[in-house]
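Asks: Pasting in a structure now, in structure tokens, and then I'll have a few things to ask.
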There are 2 protein chains.
Amino acid sequence: MNIGDVARLSGLPAKTIRYYEDIGLVSPLRSTNGYRSFRESDLHKLAFLNRARSLGFTIDDCRNLLQLYEDNSRASADVKQIAMEHLIHIDAKIDELIEMKKTLTHLVHECAGDHRPDCPILEDLATAVSGETSPKRAVSN
Amino acid sequence: MNIGDVARLSGLPAKTIRYYEDIGLVSPLRSTNGYRSFRESDLHKLAFLNRARSLGFTIDDCRNLLQLYEDNSRASADVKQIAMEHLIHIDAKIDELIEMKKTLTHLVHECAGDHRPDCPILEDLATAVSGETSPKRAVSN
DNA sequence: CTTTGACCTTCCAGTTGGTGGAAGCCTTAT
DNA sequence: ATAAGGCTTCCACCAACTGGAAGGTCAAAG
């Protein structure tokens, strides 16, 4: 299979697949013409990666998950560990976003949103003690 | 005021303040020794930026908000517009994360998490049609 | 036989929002 | 005199790609 085929089948852009090869997540063979030649197993890996990424796992998580995936003597506890840590991250991000949403929703409701210059949103931004809503830096990933 | 002072007072790291100068968000004066010399107005801007960033506004949003902030004849509708668009973004991210959380929570509960290799999490990653939980790419920011 | 168009290749740069570190002034205190 | 701390610039790096340029390959159509 050429890259276009696996791109269609895995759902990943060709660019992303090349990038994944660059960083060592897949290692397709090469045809004599220099084209990448993907096996079924490569396609499976790429679909795996797409799914894992869409669940928000980092590339580093994906690397570990792939390794466990290919290790038939793995312990499911190791996989669960990665997933649970990721869940903690997700929860933290959700909390952070909900905090932002609360504050912003409040401010938006306060603001007349008309032609006049008076704006509670700007007033808040200008005067609020920063870090009230989120002591850490904003959402990272 | 030197950069250390405004860093302490605004809550932003000095590095970030220099970066904000680079991208044109603040334009402090310079002392004869080459040190940046911040006015009260610069400090206010930086605190404003810190607050806006902590609410998840992009740098580009911040640029627009700052401009409105300094324009005494602004219409509050313009500010509200930016805030409301940002709220839509936040909502989308929350939804995406909640979807991920649901899927992952389910998988984690299914997984025994012991020494055995059988793992529903890996099975899902390997077989699920990707894009079920989130048709677009994972959470961006 | 050539040309068109779709694929494929590599490489370089840009994205977002900073952060880390090196090398080297400036200032103040000891 | 020198040490500590603050300031300067510049360059590189993070995640996870994405866009585009310049050029090779292949199959079908004229």
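The values are calculated or read from the model by the stated rules, or taken from the named source; none is laboratory data. Here the structure is a predicted model, which means the values were calculated and not measured. For neighbour counting, all protein chains shown are included, and Cβ atoms are generated from backbone atoms with ideal geometry for every residue, glycine included. Surface accessibility is based on the protein's heavy atoms, side chains included, excluding ligands, DNA and RNA. Shrake-Rupley method; radii C 1.70, N 1.55, O 1.52, S 1.80 Å.
Asks: Report the net charge of residues surrounding B:Gln81, where surrounding means a beta-carbon distance below 13 angstrom and charges are Lys +1, Arg +1, Asp -1, Glu -1.
Replies: Overall, the nearby charge balance is -2.
Asks: Can you give the helix-only mean residue ellipticity at 222 nm for chain B, where every DSSP H stretch with n ≥ 4 adds -39500 (n - 2.57) and the sum goes over all residues, rounded to the nearest 500 deg cm²/dmol?
Replies: Only helices count here, giving -20000 deg cm²/dmol.
Asks: Just how far, in whole angstrom, is region B:1-25 from region A:1-63 if you go by their alpha carbon centroids?
Replies: Region A:1-63 and region B:1-25 have Cα centres separated by 42 Å.
Asks: Next up: What FRET efficiency comes out for B:Glu70 versus A:His106 if R0 is 25 angstrom and r is the Cβ-Cβ distance? Round to the nearest 0.05.
Replies: Numbers: r = 24 Å, r/R0 = 0.96.
Efficiency for this residue pair is about 0.55.
Asks: For chain A, count all C-alpha to C-alpha pairs, find those more than 21 Å apart, and express that count as a whole percent of the total.
Replies: Beyond 21 Å sits 61 percent of the P(r) for chain A.
Asks: Another one. How many Å² of accessible area per residue for region B:3-57, probe 1.4 Å?
Replies: Values: 2690 Å² over 55 residues.
In whole numbers, region B:3-57 has 49 Å² accessible per residue.
Asks: Could I ask something else about it? On the accessible surface of the protein assembly as shown, probed at 1.4 Å, how many percent belong to carbon and sulfur atoms?
Replies: Ligands and nucleic acids excluded, carbon and sulfur reach 50 percent.
Asks: Placing +1 at every Lys and Arg Cβ and -1 at every Asp and Glu Cβ, with all other atoms neutral, what dipole size does chain A have around its Cα centre, in debye to the nearest 20?
Replies: The dipole of chain A has a size of about 800 debye.
Asks: Place +1 on the Cβ of every Lys and Arg and -1 on the Cβ of every Asp and Glu in the protein assembly as shown, take the dipole about the Cα centre, and give the residue among B:Ile94, A:Thr105, B:Leu29 whose Cα lies farthest towards its positive end.
Replies: Result: B:Leu29, furthest along the dipole toward the positive end.
Asks: Moving to a separate point now. To make sure I understand the rule: partners must be aspartates and glutamates, Cα under 12 Å from the Cα of A:Lys101, and not fewer than 8 residues away in the same chain. Which ones qualify?
Replies: B:Glu85, B:Asp91
Asks: With a/c under 1.5 counting as rounded, go ahead and sort region B:76-127 into rounded, prolate or oblate using the C-alpha gyration tensor (a ≥ b ≥ c being the square roots of the eigenvalues; past the cut-off, prolate if a/b is larger than b/c, else oblate).
Replies: Values: a/c = 6.89, a/b = 4.64, b/c = 1.49.
In terms of gyration-tensor shape, prolate.
Asks: Okay, next question. Tell me the total accessible area that B and A bury against each other, 1.4 angstrom probe, in square angstrom rounded to 100.
Replies: 5400
Asks: Scale the Cα Rg of the protein assembly as shown by the rule-of-thumb value 2.2 N^0.38 Å and send over the ratio, two decimals.
Replies: Taking the Cα Rg and dividing by 2.2 N^0.38 Å, one obtains 1.27.
Asks: Against the longest alpha carbon principal axis of chain A, how many degrees, from 0 to 90 and to the nearest 10, is the axis of helix A:40-54 turned?
Replies: Approximately 10 degrees, to the nearest 10.
Asks: At a Cα cut-off below 18 Å, give the lysines reachable from B:Lys102, other chains included and same-chain residues fewer than 8 away excluded.
Replies: A:Lys80, A:Lys93, B:Lys93, B:Lys136
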